[in-house]
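The structure appears below as structure tokens.
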Amino acid sequence: MAKVLVSSCLLGCKVRYDGNNLEVKSSEFDEFIQSNDITPFCPEVAGGLPIPRIPAEICGGTGDDVLNGSAKIFGKDGRDVTKAFLDGAELTLKTCLDNKIEYAVLTESSPSCGSSSIYNGKFEGVKVSGKGVTCSLLENNGIKVTSQHELAKLKI
């Protein structure tokens, strides 16, 4: 049984920007959850963002760019929320390290959790290749990350 951090919204917690969840309805996901030691976590809430909150997107790059300071995360209202996203990513990494968690299943397309796609930063509903800031930080520190759609990639 592996220790796995899982985005809280995927487990039915209503923590997304719109106050809802993104519960996964698949037998593969259910079996994965049942057969591993799961730690639910929401980087955005941990970073101090409210529920609900204004939608946010990475502007000018990807999660790695946010980590190195060359991109920012803005709310649709124009507010810079980069610090909250960075704080949430750091707390996610701390949770993984403190609990010896080596794997994470994060919500695809999120500016925090996206592992292969994020939105383009223009609030047009257009997805581009890239990772969210939490995904990037975890991977940069040796945590294996995938989305709810690609559980087989973890190879636990």
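Relative to the present Cα-Cα distance, how much length would full extension add between Lys127 and Glu31 at 0.36 nm per residue of separation?
Numbers: separation 96, 0.36 × 96 = 34.56 nm, distance 2.88 nm.
Roughly 31.7 nm would be gained on extension.
With the other protein chains left in place, how much accessible area per residue, in square angstrom, belongs to the range 46-156 at a 1.4 angstrom probe? Walk me through the numbers before you get to the answer.
Values: 5260 Å² over 111 residues.
Using a 1.4 Å probe on heavy atoms only, each residue of the range 46-156 averages 47 Å².
For the range 1-35 and the range 95-156, compute the distance between their C-alpha centroids and round to whole Å.
14 Å
Would you mind telling me the share, in percent, of accessible area of the chain contributed by carbon and sulfur at probe 1.4 angstrom? Walk me through the intermediate numbers first.
On the way: 3820 of 7680 Å².
C and S fraction of accessible area: 50 percent.
Relative to the compact-globule scaling 2.2 N^0.38 Å, provide the ratio for the alpha-carbon radius of gyration of the range 1-65. Write down the numbers at each step before the final one.
Working: Rg = 13.8 Å, N = 65, 2.2 N^0.38 = 10.7 Å.
Normalised Rg, Cα atoms only: 1.28.
According to the square roots a ≥ b ≥ c of the eigenvalues of the Cα gyration tensor, what is the shape class of the range 82-156, taking rounded for a/c under 1.5, prolate for a/b larger than b/c otherwise, and oblate for the remainder? Write out the running numbers ahead of the final one.
Details: a/c = 2.80, a/b = 1.31, b/c = 2.13.
Since a/c reaches 1.5 but b/c is at least a/b, the shape of the range 82-156 is classed as oblate.
Using a/c under 1.5 as the rounded threshold, could you call the range 8-156 rounded, prolate or oblate? The axes a ≥ b ≥ c are square roots of the C-alpha gyration tensor eigenvalues, and prolate needs a/b larger than b/c, oblate otherwise. Don't skip to the end; give the middle numbers.
Numbers: a/c = 1.59, a/b = 1.41, b/c = 1.13.
Cα axes put the range 8-156 in the prolate bin.
Against the longest principal axis of the chain, how steep is helix 82-98, in degrees 0 to 90 to the nearest 10, with axes from Cα atoms?
20 degrees
The values are calculated or read from the model by the stated rules, or taken from the named source; none is laboratory data. Worth saying up front: this structure is predicted, and the values here are computed from it rather than measured. Heavy atoms of the whole protein, side chains included, go into the accessibility calculation; ligands, DNA and RNA do not. Shrake-Rupley method; radii C 1.70, N 1.55, O 1.52, S 1.80 Å.
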